[in-house]
Amino acid sequence: MNHPPLIPRTGLAPGRRTGSVLRYLVLGVTATFLAAVSVQASVYVQQLKLDALCKNAHRIIRGTVDSVSSGQISVGGGSLPTVTYRIKVTETMAGAPAEIVNLTMVAEPKTAIRHGNARREPLIEVPPLEEGKEYLLFTTKPSKIGLTSPVGLAQGLFSIKQQGDKVTAVNGVNNAGLGLGSGGPVAYQELAARIRALRPN
């Protein structure tokens, strides 16, 4: 005599049980993906010299942050907070020339990630840009979901400071490991000349 297959007693109808299983699988895959990205970005970021920054950059631009706007994108059934910077470009050293460039990045780590009803924080530590400030940016090629970031995170984001005729640039790790002296701000013209030699358009 044939017996019906045994089905675990979960208290859910078969259709609802299948939907629940699929939902948990999606959330699990999403959480695993986000955790992997987080670990790779925050733990395994190696110190890069200037030639490596140039080699790995999709764009190298100097410009001023014209506006900052928050948003979110859908990832694996959940949502990821983002921030988009509108950059008024004054100089392009690599990549397609443009007067305005919009860079969409993962929002700063204080913002929680939502997937379903769960919260996960933090994700990736991407240095925030400030409206009205001037920067030299080495950015990665946008991903399939439209996200970019500075190459090497803080290493690829240089603040531009001007005092009189003196213009300097310093990144988020005080220029450590770049191969430009012992660290600290450097003359912008010197840095720009090195970049053009390494990455001619």
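The values are calculated or read from the model by the stated rules, or taken from the named source; none is laboratory data. The shown structure was predicted, so the numbers you read here are calculated from the model rather than taken from an experiment. Cβ placement follows ideal geometry from the backbone for every residue including glycine, while neighbour counts extend to all protein chains displayed.
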Residues located in the range 63-99, provided they are in contact with a helix residue (DSSP H, G or I) (Cβ under 8 Å, 6 or more places away or on another chain) and under 22 Å from K133 (Cβ atoms): E91, M93, A94
Residue ID - farthest from A107 (Cα to Cα), chosen from residues in the range 56-79 that are among the small types (G, A, S) and in a strand (DSSP E or B): G63
Candidate set from the range 160-186 (those that are of a type in the set (G, A, S) and touching a strand residue (DSSP E or B) at 6+ places or on another chain (Cβ under 6 Å)); member that is modelled with the highest pLDDT: A169
Unmet requirement for Y135, which otherwise passes all of (1) over 20 Å from S69 (Cα atoms); (2) in a strand (DSSP E or B); (3) at pLDDT 95 or above: (1)
Scope the range 170-192; condition part of a helix (DSSP H, G or I), in contact (Cβ under 8 Å) with a residue 12 or more places away in the chain and surrounded by fewer than 17 Cβ atoms within 10 Å (Cβ to Cβ); matching residues: Q189
Residue match in the range 96-111 (condition: at pLDDT 95 or above, surrounded by fewer than 17 Cβ atoms within 10 Å (Cβ to Cβ) and not in a loop (DSSP other than H, G, I, E, B)): yes
Failed criterion for Q155 (all others in (1) among the polar types (S, T, N, Q); (2) more than 24 Å from the chain's Cα centre (by Cα); (3) not in a loop (DSSP other than H, G, I, E, B) hold): (2)
Leading residue by the ranking (farthest from the chain's Cα centre (by Cα)) among those in the range 160-182 that are among the polar types (S, T, N, Q) and closer than 22 Å to A52 by Cβ: S182
Any pair with Cβ under 8 angstrom, 6 or more apart, that starts in the range 64-84 at a residue that is under 18 Å from L137 (Cα atoms) and modelled with pLDDT under 90 and ends at one that is assigned to a strand (DSSP E or B) and not hydroxyl-bearing (S, T, Y): none
